[in-house]
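See structure below.
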Amino acid sequence: TWTQVVTGEPGWDEVEQPWRADGVTDPVVLGWQVGTNQRTHLNQLAAAPQVNVASPIWWHIVDDGLLEDRSNPDYVVAAAERGVTLWPAIQSLDAEAIEAYLGGAGGPQAAAADIAGRAEAAGVAGVNVDIEGYDAADAERVVEFVAALTDHLHEWGGVVSVDVVPRSDEWVVSPEEYTFWSTAPLRRELAAASDFMILMAYDQHNGLRPAGPVADPEWVEEVLAYELRYSDPHQLILGVPMYGRIWNEADVESPRAVGIGAVAATAGAGVVEDDPEFLVPRVDLDNGRFTWLEDYVAFRVRAELVPEYGLSGWAAWRLGLDTPEAWDQLNPMLDG
């Protein structure tokens, strides 16, 4: 809830909402990075000049809740020379490891203080929290961790972004035993505890949910509308995929992830037909293989939701799967 103060002369209908004045003026264009090779990471930035925030995955929560640190303060300086700031990510996709990490000595508060100290020592501008797939029993501890991390980073001007798995009234992560991935996060509390929420609007279909596109634009808008119940637009960043999947009729549970350039190339290598179920054309290739044409046109349609809904920017999974042509789709929106 909030209070709206009406300003102006009697009869005016202007409503002042002060929190909206705190939104970013320049859109965030974030690219996640995997691995530890600095040269590779710098080459990725050179190929994506639109990117102004990079998020290398530095801190991994591993077995027994231990933290594996792959931080590289030298990369902070090298990226800054290219005009790119860093929000390194802390990541885990393992519910048991997350439980052990947040339930260790000192709990979420101690874990947050530790990550904040590592981030400040490295000289980064923020931290991205990519903690996914935790049980509902740990949801409040995740919020406590994010809130404490934000408090620490705000002391030296840093920002905290939180990645959230998509869902809607009609769609949750499937199969049934995995629904906790999208139902456990306390979305409103996480939004209140952080600076940015990043909606990972992809993986609509994968090996567990065969077969279909990674991110049908209609589905993306559906899960975005759901997330906007819990986050103001100026706080929300739209996660966009730089990949697609090539399926094989003989083994639909093992699709092969390929970069957006390879997906675009399939238009000339197969038979393209409209798909009545999705807004993405299907491409039938040889030897029983098929994909959905999630090319540059599809990317642009998704990306245009950012200015349409007044969001704070884009976050691409991931650098290394992208192409310059994909990033060029953002140019009209960035120039505008």
Rank THR150, PRO56, MET197 by how far each Cα sits towards the positive end of the charge dipole of the chain (+1 on Lys, Arg Cβ; -1 on Asp, Glu Cβ) and give me just the farthest.
PRO56
Mind putting a number on the dipole of the chain about its Cα centre? Charges go on the C-beta only, +1 for Lys and Arg and -1 for Asp and Glu, and I need it in Debye to the nearest 20.
860 debye
Can you pull the one-decimal nm distance between simple spin-label points at GLU273 and THR36, each 7 Å off the Cα toward Cβ?
4.9 nm
How would you order 117-124, 138-145 from highest to lowest mean count of nearby Cβ atoms within 10 Å?
138-145, 117-124
Note to self, the chain gives a 222 nm [θ] from helices alone (DSSP H runs n ≥ 4, -39500 (n - 2.57) apiece, / all residues, nearest 500) of -9000 deg cm²/dmol
Taking amide H atoms as placed 1.01 Å from N in the peptide plane, list the residues 5 or more away in sequence, or in a different chain, whose amide H sits under 5 Å from that of ASP216.
none
Gain upon complete extension [GLU155, LEU285; 0.36 nm per residue less C-alpha separation]:
41.4 nm
Which order do peptides 297-310, 173-186, 88-101 fall in by mean Cβ count within 10 Å, highest first?
88-101, 297-310, 173-186
Expressed in angstrom and ordered largest first, the alpha-carbon extents of region 244-336 along the principal axes are 45, 30, 24
Pairs of Cα atoms farther than 25 Å apart, the chain, %:
54 percent
Can you tell me the accessible area per residue over the chain, all protein chains present, probe 1.4 angstrom, in square angstrom?
45 Å²
Run through the DSSP bridge list for the chain and note the antiparallel percent, rounded to the nearest 5.
35 percent
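The values are calculated or read from the model by the stated rules, or taken from the named source; none is laboratory data. Just so it is clear, the model here is predicted, and its values are computed rather than measured. FYI the Cβ positions are ideal-geometry reconstructions off the backbone, even for glycines, and counts take in every protein chain you see. To get the accessible areas, we keep the full protein, side chains included, count just its heavy atoms, and leave off ligands, DNA and RNA. Shrake-Rupley method; radii C 1.70, N 1.55, O 1.52, S 1.80 Å.
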